[in-house]
Amino acid sequence: MSDPTRVLAVLGRGVVPADTPFVRGDDLGIVRGDGIFEVMHVRAGRPWLLEEHLNRLAGSAARMELAVPPRAALVELVDQAVTAWPAHVEGALRLVCTRGPEAGGDPTVYATVFAIAPESIRARRDGLHVLTATLGLPARLRPDTPWLLGGAKTLSYATNMASLRWAKASGADDVLWVSSDGYALEGPISSLVWRQGSTLYTVPAKQTGILAGTTAAYLLAHAGEIGLAADEALVTPAELQSADGAWLTSSVRGPAPIRTLDGTPLPYDPDVTARIRTLLGFPLPPEPAATS
Ligand code: PLP
């Protein structure tokens, strides 16, 4: 393999050199962002929460009216990809299904495994400075507007990435999207979780059309193991200021505490953050070397 830090497995071909060109120029995934994907954490050589990701992919495919290969073929593809990845290295697996060539034909389906950006791993320890940004839609609009593809993880992530670039250009790390009627929704690549007393909350996906985060769902389903209850609610950024802590959670970065929201420090509880991180099984970066 030409690049040991990146793996590429293509449906029907298996693992090929990671720099193999194989997607056609007229692939609808490229020319229209017409496709879906999942990203999962690879730990000890296995994809974490594979079933949950494949379930969400199936939901995205149904909303997109996109024919994806049978689940067994996707599982085999993921297996091929993670088997070629060094098991002792934490990684990320991206599984992509596009609608295929514009002239018709099979969907394009492949998986890549790649190393996690050090910045993402550091955010688990150091947290995030987050800016709110409007998404321009009322919180409860998307369940009744299926063409907006609420809840689907589509390849059309240009707005998501533009949001992150805007945050970075503004001196922050990440964004919390807010509805036009003032409710916090999600980040461009993460879910919002907050603690109020002994309960962990997240935003209801069905009511709002946000992406149902697999990490937040796992955390809330297992909250009892760290002595917390779990619930869903709509929350405003102002209400988050008086919560007992808030995190942006996602499959690869894991749980990252929100340290400031629009420049105002949010309550930060290192103990609860550590318990959440351990429950979710994400390692921390090595401590910076002491300087004398
Ligand atoms: N919301 C959006 C828009 C996302 O892109 C992501 C992850 O990429 C999430 C939420 C978090 O989902 P998960 O925990 O399944 O990674």
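Filtering 275, 259 for residues that are in a strand (DSSP E or B) and either over 19 Å from residue 120 (Cα atoms) or open to solvent by 10 Å² or more (accessible area, probe 1.4 Å) (or both) leaves a single hit, 259.
Given the criteria more than 17 Å from the chain's Cα centre (by Cα), within 16 Å of the ligand (Cβ to nearest atom), open to solvent by 60 Å² or more (accessible area, probe 1.4 Å) and not acidic (Asp, Glu), does residue 63 qualify? Considered against the rule, which asks whether it is more than 17 Å from the chain's Cα centre (by Cα), within 16 Å of the ligand (Cβ to nearest atom), open to solvent by 60 Å² or more (accessible area, probe 1.4 Å) and not acidic (Asp, Glu), residue 63 comes out as yes.
Select, from 237, 270, 283, the only residue that is over 25 Å from residue 136 (Cβ atoms) and more than 20 Å from the chain's Cα centre (by Cα). Working first, answer last.
Values: 237 fails: over 25 Å from residue 136 (Cβ atoms); 283 fails: more than 20 Å from the chain's Cα centre (by Cα).
Of the residues listed, the single one that is over 25 Å from residue 136 (Cβ atoms) and more than 20 Å from the chain's Cα centre (by Cα) is 270.
Restricted to the stretch 66-98, and to residues that are in a loop (DSSP other than H, G, I, E, B) and in contact with a Gly (Cβ under 6 Å, 6 or more places away or on another chain), which residue is surrounded by the fewest Cβ atoms within 10 Å (Cβ to Cβ)? Within the stretch 66-98, the match that is surrounded by the fewest Cβ atoms within 10 Å (Cβ to Cβ) is 87.
Please verify whether the stretch 209-232 includes one or more residues that are under 19 Å from residue 136 (Cβ atoms), open to solvent by 50 Å² or more (accessible area, probe 1.4 Å), of a type in the set (Gly, Ala, Ser) and more than 14 Å from the ligand (Cβ to nearest atom). Checked against the condition, which is being under 19 Å from residue 136 (Cβ atoms), open to solvent by 50 Å² or more (accessible area, probe 1.4 Å), of a type in the set (Gly, Ala, Ser) and more than 14 Å from the ligand (Cβ to nearest atom), the stretch 209-232 yields no hits at all.
Do you know which residues across the stretch 111-157 are under 21 Å from residue 240 (Cβ atoms), open to solvent by less than 20 Å² (accessible area, probe 1.4 Å) and assigned to a loop (DSSP other than H, G, I, E, B)? Matches in the stretch 111-157: 127, 139. Based on this model, can you work out whether residue 190 counts as among the hydroxyl-bearing types (Ser, Thr, Tyr), within 19 Å of residue 235 (Cβ to Cβ), within 14 Å of the ligand (Cβ to nearest atom) and touching a strand residue (DSSP E or B) at 6+ places or on another chain (Cβ under 8 Å)? So residue 190 passes the test. Only one entry of 187, 151, 136 meets the criterion of being more than 14 Å from the chain's Cα centre (by Cα) and among the small types (Gly, Ala, Ser), and that entry is 136.
The values are calculated or read from the model by the stated rules, or taken from the named source; none is laboratory data. In this text, all values refer to a predicted model and were calculated from it rather than measured experimentally. When we count neighbours, we look across all protein chains shown, and the Cβ atoms used for this are built from the backbone with ideal geometry, even at glycine. Protein only, heavy atoms only, side chains kept; ligands, DNA and RNA dropped before computing areas. Shrake-Rupley method; radii C 1.70, N 1.55, O 1.52, S 1.80 Å.
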